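Visitor: The structure is given below, and queries will be raised subsequently.
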Amino acid sequence: SRASRKVDTVKSNRVRFLLAVAATAAALTACTPAGTAAVVGGERISSAELNQNIEAVKREAAAINADLDAPEALPAKLPQVVLHYLVLIRQSEQLARRDGITVSESEIDQQIKRYEDAYQISFDQLAPRVGIPKARIRDFMRAQVIQNKVAPRLGITEQTTENEAMEKLDKALSEAAPVTWNPRYGKRVGLDGRFELPDRFGAADADGNEG
């Protein structure tokens, strides 16, 4: 009958709709494997690794009474800021391997001293305030040295504005090591630690756990 055909059509349309929704959900979540915060040039950063680093920053910040929840304390939520540094370190390492850039321990020491002179505080005290776990300080400083060494090749000079320099470095890092972000953390905007958050997923959990 016409009525039964109409019901069948509605059911068929609903099945197609549900299949389409399922396919879309699969496409959105297939960007990163389960338990992965990001993939950097084929290298996986697990959610467990990210969470360990987040907890380290929390402990170290609490030990020096640094309030990471204060307005403007960080450019994004702590999970995203820590993920930004982990990604930046891996991108810089891959860029160095690609371009044959080497970094000595003394160069890392000098980079640390430059920061300490600029901020008039030991980097052990500064790191937790900006979301860097102490165990990753030298990795982060190594990444900074690598970026300093590649900068002249990118046409970055003393006359280059900070925004232009960051855009050029971000492009070079992304070309050397493309990043696939877990959608729950959004996507990094440039190199200053800010993130775009898609409305579908909302902000990352405060503790960085996967949901």
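The values are calculated or read from the model by the stated rules, or taken from the named source; none is laboratory data. Note that this is a predicted model, so its numbers are computed, not measured. Neighbour counts run over all protein chains shown; Cβ positions are idealised from the backbone, glycine included. These area figures cover heavy atoms from the full protein model, side chains too; ligands, DNA and RNA do not enter into them. Shrake-Rupley method; radii C 1.70, N 1.55, O 1.52, S 1.80 Å.
Visitor: Considering only residues that are touching a residue at least 12 places away in the same chain (Cβ under 8 Å) and over 28 Å from Leu78 (Cβ atoms), look in the range 154-167 and name the one that is surrounded by the fewest Cβ atoms within 10 Å (Cβ to Cβ).
Guide: Only one residue fits best here, namely Gly155.
Visitor: In the range 173-193, how many are farther than 16 Å from Ile146 by Cβ and in contact (Cβ under 8 Å) with a residue 60 or more places away in the chain?
Guide: 11
Visitor: Name the residue that is farthest from Val81 (Cα to Cα), counting only residues in the range 173-197 that are open to solvent by less than 40 Å² (accessible area, probe 1.4 Å) and small (Gly, Ala, Ser).
Guide: Taking the candidates together, the pick is Ala176.
Visitor: Something else: When you look at Asp139, is it outside any loop (DSSP other than H, G, I, E, B) and either open to solvent by 70 Å² or more (accessible area, probe 1.4 Å) or among the polar types (S, T, N, Q) (or both), yes or no? Spell out how you get there, then give the answer.
Guide: Values: outside any loop (DSSP other than H, G, I, E, B): yes; either open to solvent by 70 Å² or more (accessible area, probe 1.4 Å) or among the polar types (S, T, N, Q) (or both): no.
Spelling it out, it is not the case that Asp139 is outside any loop (DSSP other than H, G, I, E, B) and either open to solvent by 70 Å² or more (accessible area, probe 1.4 Å) or among the polar types (S, T, N, Q) (or both).
Visitor: Scanning the range 158-177 for residues that are in contact with a helix residue (DSSP H, G or I) (Cβ under 9 Å, 6 or more places away or on another chain) and not in a helix (DSSP H, G or I), which turns out farthest from Gly35 (Cα to Cα)?
Guide: Thr160
Visitor: Another question about this same structure. Checking the conditions here, which among Gly193, Gly155, Gly100 is closer than 17 Å to Ala37 by Cβ and not hydrophobic (A, V, I, L, M, F, W, C)? Quick ask: steps written out before the conclusion?
Guide: Working: Gly155 fails: closer than 17 Å to Ala37 by Cβ; Gly100 fails: closer than 17 Å to Ala37 by Cβ.
From the options Gly193, Gly155, Gly100, the qualifying one is Gly193.
Visitor: Do you know which residues across the range 51-69 are open to solvent by 80 Å² or more (accessible area, probe 1.4 Å) and either among the polar types (S, T, N, Q) or part of a helix (DSSP H, G or I) (or both)?
Guide: Applying the first criterion (open to solvent by 80 Å² or more (accessible area, probe 1.4 Å)) to the range 51-69 yields 52, 59, 63, 65, 67, 69.
Of everything in the range 51-69, those that are open to solvent by 80 Å² or more (accessible area, probe 1.4 Å) and either among the polar types (S, T, N, Q) or part of a helix (DSSP H, G or I) (or both) turn out to be Gln52, Arg59, Ala63, Asn65.
Visitor: Tally time: how many residues in the range 70-102 are among the β-branched types (Val, Ile, Thr) and either farther than 23 Å from Glu167 by Cα or surrounded by fewer than 15 Cβ atoms within 10 Å (Cβ to Cβ) (or both)? Show your work before the answer.
Guide: Let us first name the residues in the range 70-102 that are among the β-branched types (Val, Ile, Thr), namely 81-82, 87, 89, 101-102.
When the remaining residues are screened for being either farther than 23 Å from Glu167 by Cα or surrounded by fewer than 15 Cβ atoms within 10 Å (Cβ to Cβ) (or both), the result is 102.
Of the residues in the range 70-102, 1 are among the β-branched types (Val, Ile, Thr) and either farther than 23 Å from Glu167 by Cα or surrounded by fewer than 15 Cβ atoms within 10 Å (Cβ to Cβ) (or both).
Visitor: Quickly run through the range 116-136 and pick out the residues that are touching a residue at least 12 places away in the same chain (Cβ under 8 Å) and either open to solvent by 50 Å² or more (accessible area, probe 1.4 Å) or assigned to a helix (DSSP H, G or I) (or both). Walk me through it before giving the result.
Guide: First, pick out the residues of the range 116-136 that are touching a residue at least 12 places away in the same chain (Cβ under 8 Å): 123-125, 127-136.
Scanning the range 116-136 gives Phe123, Asp124, Gln125, Ala127, Pro128, Arg129, Val130, Lys134, Ala135, Arg136.
Visitor: Another question about this same structure. Would you point out which residue out of Ala172, Ala127 is within 26 Å of Lys58 (Cα to Cα), of a type in the set (A, V, I, L, M) and within 17 Å of the chain's Cα centre (by Cα)? Break it down stepwise before answering.
Guide: Numbers: Ala172 fails: within 26 Å of Lys58 (Cα to Cα).
From the options Ala172, Ala127, the qualifying one is Ala127.
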